[in-house]
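The values are calculated or read from the model by the stated rules, or taken from the named source; none is laboratory data. Keep in mind that what you see is a predicted model, and the values were worked out from it rather than measured. Cβ placement follows ideal geometry from the backbone for every residue including glycine, while neighbour counts extend to all protein chains displayed. For accessibility, only protein heavy atoms count, side chains too; no ligands or nucleic acids. Shrake-Rupley method; radii C 1.70, N 1.55, O 1.52, S 1.80 Å.
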Amino acid sequence: MRQRRYLPGLGLLTAFDAVMRTGSVTRAAQDLALTQSTVSRLVQTLEAQLGQPLFLRRRKRLHPTEAALRYHRDIAAALDNIQRATMALVANPDGGTLDLAVLPTFGTRWLAPRLPDFLSANPGVTVNLTTRFTRFDFATERFDAMIYYGSDDWPGAAHLKLFDERLTACASPALLTAHPVAGPADLHGMVLLQLATRSDAWAAWFRGQGAAPPARIDGMVMDQFSMMVQAAISGLGVALLPDYLARPEIAEGRLLPILRPGVAGPGAYWLAWPEDRAEGKPLQAFRDWLGRSIAAAP
């Protein structure tokens, strides 16, 4: 049960937020289309309700306290959430919204081409996509779910396994003409392109080829597969890509596979969502559709 003494009125909070954002009562009043005296009164009322000052008043200027700076971070996030929820309800009162965090290249190359099928099967549902590289706390973020790489060990979350990652090493035709590769040992000394979040991927690939990995992987480190693809096409080195990313480039002849493709990687792709928010209809529909899409995919 929420206690009203800890729930200041929205007018008080928006006045406080405006002063913090603009840096002055005058600009806050202009932003809110209120008078300066009204904004000052609202801020003073909030201070009285909280039982402590939020600003130090010096030479007719307001200087936020350390407590005010901390408080504003949370209040600004809460106001943003209220605004997004209201906009979603006004724009889409019957369908609902799914806020999904997704790995950037997975979202671009795997999910986005399939989303029209989900949206046509679920009219009225709006999907908002935001790229994220690492996990976060669902309790402090607005996301309903995330598609990520790793294992099913996200604390406080339920999981749906999408598929295991399978790895294909590939390089440009020009690079392989200059440096033919007949076996894993031929890659020793070549530039091996690495993803920052997959430090053990090359070792898994070498083991999958029946060979010991080199003691040290020499190469460029990147934070996105899309960047790695372009680097490999340009002849900068050998890319180690998830098979679903490598196949289109190989089919178009921009990259050539090296040795055995589709080697088992050390992790998998998962959908995770907070256990206490599992019953939302857009999320349920997305989970069901995603499971069907994975089962139907080659």
| task | Answer yes or no as to whether residue 66 is surrounded by fewer than 18 Cβ atoms within 10 Å (Cβ to Cβ) and in contact with a Pro (Cβ under 9 Å, 6 or more places away or on another chain). | result | no
| message | Which condition from (1) modelled with pLDDT of 90 or more; (2) in contact with a Gly (Cβ under 8 Å, 6 or more places away or on another chain); (3) not β-branched (Val, Ile, Thr) is the one that residue 219 breaks? | response | (1)
| Tell me, which strands (runs of 3 or more DSSP E) wholly within segment 97-203 include 1 or more residues that are within 16 Å of residue 246 (Cα to Cα)? | 157-171
| Output for segment 199-224, where each listed residue is open to solvent by 20 Å² or more (accessible area, probe 1.4 Å) and within 29 Å of the chain's Cα centre (by Cα) | 199, 200, 203, 217, 218, 219, 220, 221, 223, 224
| remark: Condition set open to solvent by 50 Å² or more (accessible area, probe 1.4 Å) and over 9 Å from residue 172 (Cα atoms), scope segment 225-235, selection farthest from the chain's Cα centre (by Cα): answer is 230
| residue 142 versus (1) open to solvent by 60 Å² or more (accessible area, probe 1.4 Å); (2) in contact (Cβ under 8 Å) with a residue 60 or more places away in the chain; (3) not assigned by the TED database to the domain that holds residue 281: which is the lone unmet condition? | (3)
| request: Run down 66, 47 and say which single residue is without any contact (Cβ under 8 Å) to a residue 12 or more places away in the chain and under 35 Å from the mean Cα position of the chain (by Cα). | output: 66
| message | Suppose the filter is of a type outside the set (A, V, I, L, M, F, W, C), open to solvent by less than 70 Å² (accessible area, probe 1.4 Å) and on the phi > 0 side of the Ramachandran plot; does residue 23 pass it? | response | yes
| Quick one: in segment 29-63, which of the residues that are small (Gly, Ala, Ser) and surrounded by 14 or more Cβ atoms within 10 Å (Cβ to Cβ) is farthest from residue 6 (Cα to Cα)? | 29
| query | Are any of the residues in segment 53-63 under 14 Å from residue 19 (Cβ atoms) and in a helix (DSSP H, G or I)? | reply | no
| said: Being assigned to a helix (DSSP H, G or I), aliphatic (A, V, I, L, M) and closer than 20 Å to residue 144 by Cα is true for just one of 231, 285. Which residue is that? | reply: 285
